[in-house]
């Protein structure tokens, strides 16, 4: 039996659910909203939904909260709600996430969600990273969505640290 496959928008752009004979895929309403502007694709997605090849599911709020917590903790605080929803759905279904968004894949890795990248060879995430903001003037580190140093007001720089 196959593991559930959760698709990010990039998988739809690449045509994964249209070209594959895999039995059933999952995604969120937010991802469908992201691909809606491609008229011919959304018509095809509607057909796939009608024949139960693509299932559109809203993740439970508890999984969304868990993903948001880890996104903030690891500095992936610039993710859209669609990105958060797709990781939360993969976590909730204990499934494999297909995406090419490195921030999404990093967050999936942090949460122990299996993932596959479309354009990269193999598993592109070999280790988790945490984004840290720092002030070049004060030499202070900040976590989360802070953009200016709380001491001197300088614009913060961002770097990644292997976890």
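The table below lists the values:
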quantity: Test: residue in the range 136-154 that is exposed (fewer than 15 other Cβ atoms within 10 Å of the Cβ), in contact with a helix residue (DSSP H, G or I) (Cβ under 8 Å, 6 or more places away or on another chain) and assigned by TED's automatic domain parsing to the domain that holds residue 10; calculated: no
quantity: So residue 127, is it modelled with pLDDT of 90 or more and surrounded by fewer than 18 Cβ atoms within 10 Å (Cβ to Cβ); calculated: no
quantity: Residues being farther than 25 Å from residue 70 by Cβ and in contact (Cβ under 8 Å) with a residue 12 or more places away in the chain - total across the range 125-148; calculated: 3
quantity: Number of positions in the range 19-40 that are touching a helix residue (DSSP H, G or I) at 6+ places or on another chain (Cβ under 6 Å), part of a helix (DSSP H, G or I) and modelled with pLDDT under 90; calculated: 2
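For (1) in contact with a strand residue (DSSP E or B) (Cβ under 8 Å, 6 or more places away or on another chain); (2) farther than 24 Å from residue 142 by Cβ; (3) in the same structural domain as residue 141 (by TED's automatic domain parsing), each residue gets a yes or a no:
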| position | (1), (2), (3) |
| --- | --- |
| 44 | no, yes, no |
| 51 | no, yes, no |
| 74 | yes, no, no |
| 80 | no, no, no |
| 109 | yes, no, no |
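The values are calculated or read from the model by the stated rules, or taken from the named source; none is laboratory data. Please read all numbers here as calculations on a predicted model, not as lab measurements. Note that each Cβ is placed from the backbone with ideal geometry, even for glycine, and that neighbours are counted across all protein chains shown.
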